1. Expressed in nm², what is the orientationally averaged projection area of the convex hull enclosing the Cα positions of the chain?
2. Against the longest alpha carbon principal axis of the chain, how many degrees, from 0 to 90 and to the nearest 10, is the axis of helix 275-286 turned?
3. Compute the relative contact order of the range 1-65 as a whole-number percentage, counting only Cα pairs closer than 8 Å that sit 6 or more residues apart in sequence.
4. Taking the Cα-to-Cβ direction at residue 256 and at residue 110 and moving 7 Å from each Cα, how far apart do the two end points lie in nm?
5. Rounded to the nearest 0.05, what FRET efficiency do residue 183 and residue 240 give with R0 = 30 Å and r taken as the Cβ-Cβ distance? Could you check?
6. Could you let me know the centre-to-centre spacing of the range 66-101 and the range 112-164, using Cα atoms, in angstrom?
7. Roughly what % of DSSP beta bridges within the range 153-279 run antiparallel, to the nearest 5?
8. Subtracting the Cα-Cα distance from 0.36 nm times the residue separation, let me have the gained length for residue 157 to residue 305 in nm, one decimal.
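We did not get these values from a lab; they are worked out from the coordinates using the rules stated. Small disclaimer: the values here were computed from a predicted structure and weren't measured. Cβ coordinates were reconstructed from backbone atoms using ideal geometry, including for glycine residues, and neighbour counts include every protein chain displayed.
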Ligand SMILES: [Zn+2]
């Protein structure tokens, strides 16, 4: 019964135990996916200059990474490949012996404790840096689809547990689903980059993946940051085509979209905390301007509150350690 003229909200904040007791959202190590850049060659461990603490590594450094991720209890990693050779049609992406396919086999041989998510795109492998085949200075949707299907199938053959197409071609989920099913991989789920905005927050990633477009931009296939209804159409068509997970990318400036997608689709929703979001926090914390741990944990709890079930983040190892400390 109310016994005063106003509400006593502070009653539920009186102690750490009380706050824990009434907390509505939680963040656990099970929510995390760690992105990893595998570069062709030997004895390579290059720190990405715009992403302190993030490295491109060659296969011979992979064991250390796997051991660390398993010991921290992180359940999943997302693989990107950085090939030596690039060409017009991104052949390295669907080479059965490509860098990502080799990395997948290597991880599979070593552990069954990590879910391997393969990013399925061509932009790291094309000489022009775009996510498909170029015709008339633009990415040709329908000509690009078969190459994305080939990429996904070779990744599944290598042992990928989840296929994550990021190319934003129309029909990519249905074509990849069909291709995987025909190759006998009907149990391999698709984690679709369903809602991927043409964002300035991807800048540092392009240093890490060496995938900067050599002409133009990606605005004819990635989405306009101003659009919300379009995000719902993208998510709906991907679900119809067979997506098992929906990614919203980037995360921090698109919390409303994460919530909208979660409200409309009863599937796991994945927030991609992208490179620019990482680098901004890193730069500010290296300058002593913000408390890195507090800021990162706050933004991840906010993504969970917005509706994300899973978070892809370069902070995954740090978060796993901080959660252990807590
Ligand atoms: Zn791409």
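1. It is 19.2 nm².
2. That helix lies at roughly 50 degrees to the long axis.
3. On the way: 47 pairs, mean separation 14.1, N = 65.
This gives 22 percent for the range 1-65.
4. 4.3 nm
5. On the way: r = 22 Å, r/R0 = 0.73.
That pair, residue 183 with residue 240, gives E of 0.85.
6. Using only Cα atoms to place each centre, the spacing works out to 11 Å.
7. Details: 0 of 9 bridges.
In the range 153-279, approximately 0 percent of DSSP beta bridges are antiparallel ones.
8. Details: separation 148, 0.36 × 148 = 53.28 nm, distance 3.63 nm.
Working it through step by step, the gained length comes to 49.7 nm.
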